[in-house]
Each structure stands twice: as structure tokens, then as C-alpha cells.
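Coordinate-derived values only; no laboratory data. In this text, all values refer to a predicted model and were calculated from it rather than measured experimentally.
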Amino acid sequence: MTDSETLKREAAERAVAFVRSGMVVGLGTGSTAVWAVRRIGALLAAGQLEGVVGAATHRDTARPAAAFFRGVGPTLARRSAQSRT
């Protein structure tokens, strides 16, 4: 892992520390967002978080998030993108 990827992962993990069970979380876009999705997914799988709903802003974030979150997928990503126009 490159230094920049390490920093992105650390930033994502620090941001995830603010996520609480039952929250609706905007997942963002880009490689840092994917690190955050992976961390939240790990916490959900471990039972440390429950009932988190993710709102993806892009299909590249929705794809990895769909495995972990309720209510995340390409439909939400498209709806989010359409609302900006």
C-alpha cells in the first residue's frame, strides 16, 4: 500500500469512528469512501454497529456498500445523482 493509500485508509477509519448504530450515512465517492465502506462493513459484521443505512453518491461506492448496508444500491446512487440536476 502506498503512503497516500495508507493516509486515505486512516482518514476513513477516523471518520467511521463517528458512525453510530441506526444512522443514515452518506457514503461519498472515491477511494477514501471505499475504505470507509469497508470499515463500516467490518463493524456491522462484527456486531459493533447495527441498522446503519448507507446512501451512495456513485455506483462505484454503491457496489461495495451493497454487501453491508440496508438500502444501498444503484437505484439510490442514481436517485442521488438525479437530484443534483
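Please list the non-local residues whose amide H lies under 5 Å from the amide H of residue 27, H modeled 1.01 Å from N, same-chain partners needing a gap of 5 or more.
For residue 27, whose amide H was placed from the backbone, the distant partners under 5 Å are 55, 56, 57.
³J(HN,Hα) across segment 17-25 via Karplus (A = 6.51, B = -1.76, C = 1.60, θ = phi - 60°), whole Hz, x for Gly/Pro?
4, 8, 7, 10, 3, x, 6, 9, 10
Rounded to whole Hz and in sequence order, give me ³J(HN,Hα) for segment 63-69 from the Karplus expression 6.51 cos²θ - 1.76 cosθ + 1.60, θ = phi - 60°, writing x for Gly and Pro.
Karplus values, whole Hz, x for Gly and Pro: 4, x, 6, 4, 6, 10, 9.
Can you list residues from other chains, or at least 5 along the same chain, whose modelled amide H is less than 5 Å from the amide H of residue 52?
22
Counting every Cα pair in segment 1-43, what percent are over 14 Å apart?
44 percent
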